[in-house]
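The values are calculated or read from the model by the stated rules, or taken from the named source; none is laboratory data. Keep in mind it's a predicted model, so treat the numbers as computed, not measured. Note that we place each Cβ from the backbone using ideal geometry, even for glycine, and neighbour counts take in every protein chain shown. Note: areas computed on protein heavy atoms with side chains; ligands, DNA, RNA excluded. Shrake-Rupley method; radii C 1.70, N 1.55, O 1.52, S 1.80 Å.
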Amino acid sequence: TFRIQDLNFDTDSESINENSYEVLDELYAFLQKYDDLFIEIGGHTNTLADESFANDLSLGRANSVADYLVNKGLDDNRILTKGYGKSKPIEPNDRYSLKARQMNQRVEIKILEIK
């Protein structure tokens, strides 16, 4: 599992910022090169939002990344999306610093299978 670095969304939104296209294009190129990989795109939020909003937002962001890759030409059968909401923070839930929020709101790629 690895975090997509420099991937940014509008606040409380599933819309990918244009400045993130370069990193997504790099991910697309990687997945095209290694066409035997099947992945999960997992969205995560910070711990401040309520449970329902966090779950919906995290899944929406994962779906936005998947849609971007599919629109570039990646086979959608190679992608599973999942929204984890705030259930898997990498910083403790009781920490509300800006750094903790930024660490927790992320999109990760997990390699599920190599065929």
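Observations on the structure shown:
- The modelled label-to-label distance between Asp56 and Asn19, using points 7 Å beyond Cα along the C-beta direction, is 2.8 nm.
- 20 °C / 1.002 mPa s Stokes-Einstein diffusion coefficient of the range 44-115, Kirkwood radius on C-alpha pairs, µm²/s: 164
- Value at 222 nm in deg cm²/dmol, rounded to 500, when DSSP H runs of n ≥ 4 in the chain each add -39,500 (n - 2.57): -12000 deg cm²/dmol
- Note that the range 74-90 has calculated 3J(HN,Hα) couplings of 6, 5, 5, 6, 8, 10, 10, 10, 8, x, 8, x, 9, 7, 10, x, 9 Hz, one per residue in order, obtained from phi through the Karplus relation 6.51 cos²θ - 1.76 cosθ + 1.60 (θ = phi - 60°); glycine and proline are x.
- Cα long-axis angle, helix 21-33 against the chain (0 to 90 degrees, to the nearest 10): 40
- Acute angle (nearest 10 degrees) that the helix 51-72 long axis makes with the longest principal axis of the chain, alpha-carbon atoms: 20
- The chymotrypsin sites (Phe, Trp or Tyr not before Pro) found in the range 6-100 that occupy coil by DSSP, while having at most 13 further C-beta atoms within 10 Å, are Tyr34, Tyr96.
- Whole-number accessible area per residue in Å² for the range 1-59, which is evaluated in the context of all protein chains at 1.4 Å: 57
- Fraction of beta bridges assigned by DSSP in the chain that are antiparallel (%, nearest 5): 70
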